[in-house]
Amino acid sequence: GIDLVAGGKSKKTKRTAPKSDDIYLKLLVKLYRFLVRRTGSKFNAVILKRLFMSKTNKPPLSLSRLIQFMKGKEDKIAVVVGAVTDDIRVYEVPALKVTAIN
């Protein structure tokens with residue numbers, strides 16, 4: 001048989017680094033690792049976790065959905081770990097502050 005460490009196989013595994021070779025993504029990971037370590041912010045930890053995710057788990061967000069989410073939060077900055085795509089169905093786009101990967 002196979003000698004397993006007490007407790008058996010690890011059933012819960014998660015990424016600790018992105019698989020992508022994108023240098024800009026790696027710089028973002030380096031920045032957010034520092035922020036998670038030096039600040040107690042849960043927000044930074046969530047962003048770091050999402051930066052590790054695969055492409056299928058970072059689906060694009062349409063402009064119309066972004067406008068819908070940001071209704072009543074005009075003074076806030078929207079952070080999207082993924083792409084924001086144009087939506088031709090939206091004629092009037094309000095002023096938004098957005099940070100996204102693509």
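Summary table below
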{"item": "GNM top mover of K11, K26, K58 - the chain, alpha-carbon springs below 10 Å", "result": "K11"}
{"item": "For V98, residues with placed amide H under 5 Å, excluding near neighbours", "result": "A78"}
{"item": "Structure-derived Kirkwood radius over Cα pairs in Å - corresponding label in (i) 14.9; (ii) 16.3; (iii) 13.4", "result": "(ii)"}
{"item": "Dipole magnitude of segment 15-56, debye to nearest 20 (Cβ charges: Lys/Arg +1, Asp/Glu -1, about Cα centre)", "result": "160 debye"}
{"item": "Segment 15-56 - percent relative contact order, Cα under 8 Å, separation 6 or more", "result": "52 percent"}
{"item": "Vicinal HN-Hα couplings computed from phi for segment 53-67 (Karplus, 6.51 cos²θ - 1.76 cosθ + 1.60; Hz; Gly/Pro x)", "result": "5, 6, 4, 5, 8, 10, x, x, 10, 7, 4, 5, 5, 4, 4"}
{"item": "FRET efficiency for A78 and L27, using Cβ-Cβ distance with R0 set to 25 Å, rounded to 0.05", "result": "0.75"}
{"item": "Helix 42-51 vs. the chain, principal-axis angle (Cα, 0 to 90°, nearest 10)", "result": "80 degrees"}
{"item": "Between 0 and 90°, nearest 10: helix 23-38 axis offset from the chain longest Cα axis", "result": "80 degrees"}
{"item": "Cα gyration tensor category, rounded, prolate or oblate, for segment 15-56 with a/c compared to 1.5", "result": "oblate"}
{"item": "The chain: relative contact order as a whole-number percent, Cα under 8 Å and 6+ apart", "result": "21 percent"}
{"item": "Segment 40-102: chymotrypsin sites (Phe, Trp or Tyr not before Pro) in DSSP coil with no more than 11 other Cβ atoms inside 10 Å", "result": "Y91"}
{"item": "Whether segment 59-102 is rounded, prolate or oblate, judged on the alpha carbon gyration tensor where a/c under 1.5 counts as rounded", "result": "oblate"}
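Every number here is computed from the coordinates shown, using simple stated rules; none is lab data. This structure is a prediction, so every number in the text was calculated from the model and none was measured. FYI the Cβ positions are ideal-geometry reconstructions off the backbone, even for glycines, and counts take in every protein chain you see.
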